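See structure below.
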Amino acid sequence: MATINMPRDPNTLSNYNNWRTKHTIADFTIDFKKQRLTGSVELQLESTTDKESEEIILDTSFLDISSISINGQKTSDWTVKDRFEPYGSPLSIKVPAVAKGLDIYVKIEVSTTDKCTALQWFKPAQTSNKKFPYMFSQCQAIHNRSVFPCQDTPDVKSTYHFKIRSPLPVIASGLPTGASSFEHGKDGESGTLLYQFNQEIPMPSYLFAIASGDIATASIGPRSLVSTGPEELSDAKWELEADTEKFIEVAEKLIYAYQWTQYNVLVLPPSFPYGGMENPIFTFATPTIISGDRENVDVIAHELSHSWSGNLVSNASWEHFWLNEGWTTYLERRIQAAVHGEPHRDFSAIIGWKALVDSVNKFGHDHEFTKLVIDLKGKDPDDAFSSIPYEKGFHFLYYLEKLVGKESWDKFVPHYFTTWLKKSLDSYEFKATLLDFFASDKEASKKLESVDWDTWFYKPGLPPKPKFDTSMVDKCYELAKNWESADFTPSPKDISGWTANQIVVFLESVQLFSTPLTPAQSQAMGKAYSLGTSRNVELSFRYFSIGLTAKDETVYHPTAELLGKVGRMKFVRPLYRKLEKVDRKLALETFERNRDFYHPICRDMVEKDLKGE
């Protein structure tokens with residue numbers, strides 16, 4: 001009998017408290033014709049219980065498993081159990097009893113299927129130069145189980161060896177060790193190469209990442225590369241080369257030396273659903289950061305910060321997602337302050353506060369998902385995804401920094417990231433680490449006694465709003481105030497010399513008007529400030545949102561056009577919700593037309609939005 005030993009992550013069906021994955025060998029061929037991965041995964045699992053466990057349970061979702069070997073011997077003693085939404089189908093493997101501390105090797109021959117939720121496949125027509133197919137993975141939060149059987153929880157970390165065969169260049173979340181046309185006499189399909197990567201720092205399953213396509217690469221710093229489509233390479237290089245190394249050096253001063261050897265960026269095709277995904281060694285980034293004005297490279301500061309927060313020190317479950325994203329947003333803003341000046345930190349936090357208010361309003365002020373620590377039992381973590389763990393998490397850390405004083409806090413930051421290096425933790429362990437660190441500091445300890453932990457962790461809705469330094473936003477608010485007057489005449493001079501983010505703050509202030517703009521005002525704004533034609537989606541997205549609220553019909557079709565070019569959920573979901581309110585027919589037609597363009601995660605979320613779920 002397997003011991004019943006309840007894990008603390010409710011979003012996995014694996015019995016990871018009995019077995020721990022130590023090393024993973026992912027050996028796959030990318031089949032662009034059939035749009036699937038075929039090959040095997042070998043897991044090295046350590047027995048972790050005193051009572052010998054004779055069953056390994058792994059997470060799987062929509063996989064085609066053909067055979068399983070234990071320590072090199074084929075076994076037929078395995079079953080894929082019934083699907084349990086939203087977590088997939090547990091794979092149960094009977095194994096010989098293994099004493100605590102000993103390892104077992106499980107090799108599983110497996111293929112992905114057309115229902116795989118982690119992989120997106122593009123036909124050549126969906127790529128920018130329309131010459132070659134493309135594929136990439138997005139495994140966060142619980143999608144790695146649809147690539148291969150695994151313990152799909154951030155509470156388990158494994159080293160990795162990638163062996164990926166493809167007819168096109170491959171990128172993965174490991175350090176490349178070379179490409180060859182054959183391996184030990186095992187011939188691959190002609191025209192394919194075997195690309196190998198090692199990841200010697202243990203990482204959770206959601207950070208497993210691969211991409212393959214017509215990818216070209218250029219240097220953007222002494223330890224950084226950018227990879228993207230050949231035609232986009234020079235733009236991407238220009239956008240990123242000025243700041244990447246600067247960001248790394250600032251982060252190293254704040255925490256400690258960068259651990260992953262290289263920090264590279266893969267700029268993905270437009271349908272990538274997130275701003276970035278912090279896959280180790282290779283951040284996967286949305287092409288919306290390549291805006292020709294270097295105004296959106298803060299996404300890189302964010303994903304880079306994940307190299308410490310999230311990737312080295314991980315939340316133990318998605319219920320404590322703020323430990324990944326709140327810390328990362330905090331570090332990102334510290335980088336901004338060091339590179340651009342202290343007012344930039346609060347300026348960024350003001351933009352973040354607006355995103356937080358929007359998310360809380362969307363869920364409702366007393367909704368479970370507006371808490372810092374949330375209950376995800378039986379729930380899909382993707383449904384809880386919002387700016388709340390980022391911004392409410394940031395505000396908690398910002399509050400703690402102000403409480404104990406920056407100088408003292410800055411000693412805690414490297415201590416925290418050293419204590420939990422290569423481990424996973426929950427909010428209670430964070431609290432204990434903080435209080436323990438300051439125990440010898442009477443003054444700080446006294447201040448920390450005033451922290452209402454239960455309110456911060458479990459109270460839904462907005463946290464207390466701090467007093468921000470508004471020096472960079474005051475003129476944005478002033479211009480917005482002018483727009484409240486119906487007879488205001490705009491001019492391009494109004495925003496002359498402004499950063500794109502200052503225009504963002506202005507537009508967000510207009511979005512908060514209790515009375516929307518008139519269609520005529522919306523048109524005048526777009527014309528005077530060239531917003532409808534901007535390459536910077538952060539601007540066109542907000543302008544179209546204002547126009548849709550104003551029922552300005554001249555933005556309906558440009559909105560639909562943008563929705564066919566951008567797959568980032570931050571833009572796509574709100575625009576569909578607003579378009580659907582003013583022209584449901586156009587919204588539904590636009591979605592149907594672009595259904596195959598969107599990533600499966602994005603497609604599912606928009607479908608739910610349009611159904612009003």
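The values are calculated or read from the model by the stated rules, or taken from the named source; none is laboratory data. Keep in mind the model is a prediction, meaning the values are calculated, not measured. Methodologically, a virtual Cβ is constructed for each residue, glycine included, from the backbone with ideal geometry; neighbour enumeration extends over all protein chains shown. The accessibility values were calculated without ligands, DNA or RNA, using every heavy atom of the protein model including side chains. Shrake-Rupley method; radii C 1.70, N 1.55, O 1.52, S 1.80 Å.
The table below gives the values:
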read-out	value
Where the chain is the region considered: accessible area per residue in Å², 1.4 Å probe	40
Mean Cα-pair separation over length for the chain, i.e. relative contact order, pairs under 8 Å, 6 or more apart, %	11
Computed magnitude of the charge dipole of segment 1-203 (debye, nearest 20; Cβ of K, R +1, Cβ of D, E -1)	640
Helix 474-483 vs. the chain, principal-axis angle (Cα, 0 to 90°, nearest 10)	60
Stretch gain in nm, segment Lys465-Leu403, where the contour uses 0.36 nm per residue and the Cα spacing is subtracted	20.9 nm
Folded to 0 to 90 degrees: helix 427-437 orientation relative to the chain principal axis, Cα	80
Heavy atoms of His320: accessible area, 1.4 Å probe, square angstrom to 10	10
Rounded to the nearest 20 debye, dipole of the chain from Cβ charges on Lys, Arg, Asp, Glu	500
Angle in degrees between helix 519-528 and the longest Cα principal axis of the chain, rounded to the nearest 10	80
Rg [Å, one decimal], Dmax [Å, integer] - the chain, C-alpha atoms	24.6, 81
Spin-label proximity, Ala500 to segment 224-261 - amide N less than 15 Å from point 7 Å beyond Cα toward beta carbon	235-243
Solvent-accessible area, 1.4 Å probe, carbon plus sulfur percent, for the chain	52
Using a Förster distance of 41 Å, the FRET efficiency for Arg593-Lys446 (Cβ separation, nearest 0.05)	0.10
Set of lysines with alpha-carbon distance to Lys392 below 20 Å, sequence-local pairs under 8 removed	Lys354, Lys362, Lys371, Lys402, Lys406, Lys431, Lys459, Lys465, Lys467, Lys570
Stretchable slack from Val80 to Lys51, in nm (0.36 nm times residue separation minus alpha-carbon distance)	8.0 nm
DSSP-defined antiparallel bridges as percent of all bridges, the chain, nearest 5	80
q = 0.13, 0.18, 0.19, 0.22 Å⁻¹, segment 471-611: log10 I(q)/I(0) [Debye, one scatterer per Cα]	-0.56, -0.98, -1.07, -1.33
Estimated inter-spin distance, Asn361 and Tyr105, nm [label 7 Å along Cα→Cβ]	5.8
